[in-house]
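So the structure is just underneath, and the comments pick up after that.
The values are calculated or read from the model by the stated rules, or taken from the named source; none is laboratory data. Since we're looking at a predicted model, the values are computed, not measured. Cβ atoms come from the backbone with ideal geometry, glycine included; neighbour counts cover every protein chain shown.
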Amino acid sequence: MKKMIALLLLSTMAFGCKSSDMDKMADDANASMEAEANAAAEQAEADAKAAAEEAVKVDVVDTAISAGTFTTLVSALTAAELVEALKGEGPFTVFAPTDEAFAKLPEGTVEELLKAENKDQLVNILKFHVVPARVMAADVTTMEADTLAGTKVNVVVAEDGTVTYQGANVVKTDIDCTNGVIHVIDTVAMPPAEGQAAN
């Protein structure tokens, strides 16, 4: 009788251990499945976000138009007949003056530049704001860079990391576009006179 009771106790203990092990295995499996599901959901969300960002990305001209702060620049590009050129394959790095930057020019300057007889001068000024390459902020160093105007521009990176483009402060960087990148400047950069250095 005592042997039977002992055997029953041993069997119950063994069953209890197996049941506990099985429960632990089930919990581990559920946790693993939940972690995989969460990881898959996070990846799907990241992929969807990246796809959405890529879908709305447009060329440098349409990006400037949609920003709403470059209306004078866009008008100038239209008057200079440079819109189609800057909607091309590129890549272009555009140092784009804001409307406030154009407003700093002497009164009547913009109106004069937009006249048909001053088109060549306007084209030269606008091309001076474009570097024929994709240059992200992290890649900018103190240098004289080539521009579409055929002249060099003086780019300076200060010790505190601030950047100037022919003396204009770069106030926003890395607006990514399908055919290049836009950096925002607070002053219209004027190309050097013929025979003068960029600085």
Would you mind telling me which numbered condition in (1) within 24 Å of ASP62 (Cβ to Cβ); (2) assigned to a helix (DSSP H, G or I); (3) polar (S, T, N, Q) GLN121 fails? (1)
Among the listed residues ASP160, ASP120, ASP174, identify the single one that is among the acidic types (Asp, Glu), assigned by TED's automatic domain parsing to the domain that holds VAL74 and touching a helix residue (DSSP H, G or I) at 6+ places or on another chain (Cβ under 6 Å). ASP174
Within region 175-199, can you find the residues that are at pLDDT 95 or above and among the charged types (D, E, K, R)? ASP176, ASP186
Do we have GLU107 as part of a helix (DSSP H, G or I) and more than 22 Å from VAL60 (Cβ to Cβ) here? no
If you go through LYS119, LYS104, LYS115, the only one that is surrounded by fewer than 16 Cβ atoms within 10 Å (Cβ to Cβ), over 23 Å from the mean Cα position of the chain (by Cα) and in contact (Cβ under 8 Å) with a residue 60 or more places away in the chain is LYS104
VAL163 vs (1) modelled with pLDDT of 95 or more; (2) under 25 Å from VAL83 (Cα atoms): all pass except (2)
